[in-house]
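Beneath this line is the structure, given in structure tokens, with notes to follow.
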Amino acid sequence: MDDIKILDTVERYIRGEMTPDERLYFEQLRKTNPEIDQLVVEHTLFLQQMNRFGEWKKFKQSLHETHIDLTQQGKIHSDKLRGGAKVVYLWNKYKRVTAIAASIAGITAIGLTILVNSLAPHAKDPKMQELVRQVNVLERNQKVLDNKINYVDKKSQQQPVISTPVRYNGTGFLIDAKGLMITNAHVVKNSRNIFVQNNKGDQFKAFVVKLDVARDVAIIKIDDESFKSFASLPYSFKKATSDIAEPIFTLGYPRDEVVYGEGYLSAKTGYNGDTLSCQISIAANPGNSGGPIFNHNGEVIGILSAKETEAEGTVFAVQSKYIYQVLEELRKSSLYENVKLSTKSALSGLDKVQQVKKIQDFVFMVKGD
Amino acid sequence: MKAESNEKALLQGLARSDKKAIEIIYRENYNMVQSLIINNSGSAEDAKDIFQEAMIVLYEKVRSGTFELNCLIKTYVYSVSRRLWLKRLQQMSRYVPAMENLQDTVAVEEDVAENERINGEFLVMEKAIGSLGEPCKSLLEAYYLEKKSMVEIALFFGYTNAENAKNQKYKCLVRLKKIFFAQYKNGNGNG
């Protein structure tokens, strides 16, 4: 209990709550009693500290309250970061992280590049050399070719005039008695001179009247004094499409003599479903192209045009109705306005041998140079 | 002249912990400090901490009686906040950005260091009081911080008379002083 009283007295002394008499007495006590003096000093320090601490706490508390008040009043913009401020805040918060991430990405990329470069050459080099070797080979081949070309050039310069050999050979047949013929475009299109030769070996000059490269059909006209017009054509031209399995035959010049071949109509359409052509099955050789395709009545149903290289026995023919279309166009010109295709065959009912005998004079070999 | 006398009045108010003065200084300077912190890798929460710390530095300064108004409050608060934030960033061993000086700053290193020391002492006290446990903590806070009389305290805490309350307070005080002086001396010795 004494200690409590002493402390209480010390506190009263420090706070200045004592009466002057009391105070005088207590100061006297401090001087004589070191323990009391010690206690006073110690407790003074403690109380000072307590006071300052209390004020510090109070001030902090009031700062906290002020912060809340001002935020609620909207006088300071705290807590709720909006819009741009938020972005700035987030950016500032993570910009170091972003920078590090970017650096790592960059270093990784560079590292990988170095790694790939240091490892890859072992795998790549042989190929590279191979390519270089191939290029070298190509260069050598090119040089050889150049030499050959030079040699050929010299040769052709040395012998400028040579007898033009027949470069294109095909078959053609008359579509009108006065010398209008039909053949394949590829036979005549690149020829400077066109000659037609009949079964007896007589040659006549001819010229191109119309060329349809896409359809591979050409109309040529015999223009030679020695050629004598016929009275009429024994065969006719069929307008309608023929039926599948219909027996057919052709005459052509795969060699110098007229050659007969027979077969049947395989399909009503040609290559890739072309409705102006048809597919036939017939033994055909290169010289046969441009030759007429007859049915058993001696009607022309088509023009033999192309052989499919991949399938044996597959031959395509341009249908005869196309001839009508071509002539339609041709008649627009005054020179050919009277040309008419015969629709009545004089060969029906005759046997093959008779038919061919009558037809063969109208089928020619077409030569171009 | 008017602005200067205004500033002086504000500081005097602050020294008295005048609520109005605190509010005015707070209102006029907070947003500036918040932009500073947010533009330099801080959050709104950081801004609040730093600003209030700067306010305490200013408060301690005006209370010490040695504060002379040789710059604007704004400049002082900005300088202290900047200094505090740089220290905080260094403590977090974070990358310290090159803070651009949006405003002039004044030398505040000493003030900040002094504040740190005082804060250290206060934290010792806070920790000491906190470690007492109830009812000692509340009892001592009521008597020494809130300056309540022992009669009030006896009534509030339910003691039958003030003497009993005083008895209890004494026991608590002895404990507190023991802890405080142990830590205080320890802190100073290491200091």
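The values are calculated or read from the model by the stated rules, or taken from the named source; none is laboratory data. Note that the coordinates shown come from a computational prediction; the quantities given were computed from them, not determined experimentally. Methodologically, a virtual Cβ is constructed for each residue, glycine included, from the backbone with ideal geometry; neighbour enumeration extends over all protein chains shown.
Key figures
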item	result
For residue B:89: the one exception among (1) outside any helix (DSSP H, G or I); (2) out of contact with any helix residue (DSSP H, G or I) (no Cβ under 8 Å at 6 or more places or on another chain); (3) within 14 Å of another protein chain (Cβ to nearest Cβ)	(1)
Filtered residue count, the stretch A:70-79, keeping only those that are part of a helix (DSSP H, G or I) and more than 7 Å from chain B (Cβ to nearest Cβ)	3
Count of residues meeting criterion [more than 8 Å from chain A (Cβ to nearest Cβ) and not aliphatic (A, V, I, L, M)] in the stretch B:41-53	5
In the stretch A:4-31, residue nearest to the other protein chains (Cβ to nearest Cβ) [restricted to those that are of a type in the set (D, E, K, R) and under 22 Å from residue B:162 (Cβ atoms)]	A:8
Matching entry among B:56, B:37 (being within 10 Å of chain A (Cβ to nearest Cβ) and surrounded by 21 or more Cβ atoms within 10 Å (Cβ to Cβ))	B:37
Sole exception among (1) loosely packed, with under 15 Cβ neighbours inside 10 Å; (2) touching a helix residue (DSSP H, G or I) at 6+ places or on another chain (Cβ under 6 Å) for residue A:26, by number	(1)
Residue match in the stretch A:329-348 (condition: in a helix (DSSP H, G or I), at pLDDT 80 or above, surrounded by fewer than 16 Cβ atoms within 10 Å (Cβ to Cβ) and in the same structural domain as residue A:291 (by TED's automatic domain parsing))	yes
Every residue from the stretch B:117-156 that is of a type in the set (A, V, I, L, M) and in contact with a Gly (Cβ under 8 Å, 6 or more places away or on another chain)	B:124, B:145
Number of the condition not met by residue A:46 [criteria: (1) facing chain B (nearest Cβ under 9 Å); (2) at pLDDT 85 or above]	(2)
Check on residue A:356, assigned to a helix (DSSP H, G or I), more than 23 Å from residue A:263 (Cα to Cα) and either under 41 Å from the mean Cα position of the chain (by Cα) or touching a residue at least 60 places away in the same chain (Cβ under 8 Å) (or both)	no
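Residue-wise test of (1) in the same structural domain as residue A:335 (by TED's automatic domain parsing); (2) more than 17 Å from residue A:362 (Cβ to Cβ); (3) modelled with pLDDT of 90 or more.
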| residue | (1), (2), (3) |
| --- | --- |
| A:194 | yes, yes, no |
| A:199 | yes, no, no |
| A:228 | yes, no, no |
| A:258 | yes, no, no |
| A:276 | yes, yes, no |
| A:294 | yes, no, yes |
